[in-house]
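Scroll down for the structure; my scribbles are underneath it.
Bear in mind these aren't lab numbers, they're just calculated from the coordinates by the rules spelled out. Just so it is clear, the model here is predicted, and its values are computed rather than measured. Cβ: placed from backbone, ideal geometry, glycine included. Neighbour counts: every protein chain shown.
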Amino acid sequence: MLASSFELMAPLGRALIVGNASETPVNITSNTIWHNNIGVQGFNVGGYLLGNPSAGRPAAKVVLRLLEEGKLDIPLTVLPFNYAPEAHRRMDAKDITGRIVLRHEF
């Protein structure tokens, strides 16, 4: 589906690819880019931050402040720690919205 979008882009259009949750390969040739006069750029924030951890600190401070102020609504599923296999099943099945937190009761 993404590859067909490149055919619809206007000349000098730019596509920014920031994720691939479906893990479906995107096949685009350099000739498609060249003939259509388009640009394609990918950005893997997780991979980037591994090598540049300080780059994420300003954004993390802003997000944490917004969370503290109650201005962000992130779906959260809290499960007992012994439900870890179920949490992994849900993640593997992509059957979750938001975040899963495992809580250990002391």
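Okay, here's what the table says:
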quantity	calculated
Theoretical ellipticity at 222 nm over the chain - DSSP helices of four or more residues, -39500 (n - 2.57) apiece, nearest 500	-11000 deg cm²/dmol
GluC sites (Glu not before Pro) lying in DSSP loop within segment 6-79, provided at most 11 other Cβ fall within 10 Å	23, 69
Viscosity 1.002 mPa s, temperature 20 °C, Stokes-Einstein D of the chain from Kirkwood C-alpha radius, µm²/s	121 µm²/s
Largest-first principal axis extents, alpha carbons of segment 1-56, Å	38, 24, 16
Cut-off under 5 Å, modelled amide H: who pairs with residue 100 long-range	77
5 angstrom amide H check on residue 15, placed H, neighbours 5+ away	39, 40, 41
Ranked list, fewest to most other Cβ atoms within 10 Å of each Cβ, for 18, 26	18, 26
Per-residue HN-Hα couplings for segment 48-63 [Karplus 6.51, -1.76, 1.60; θ = phi - 60°; Hz; x = Gly/Pro]	5, 5, 4, x, 9, x, 5, 5, x, 4, x, 5, 4, 4, 5, 5
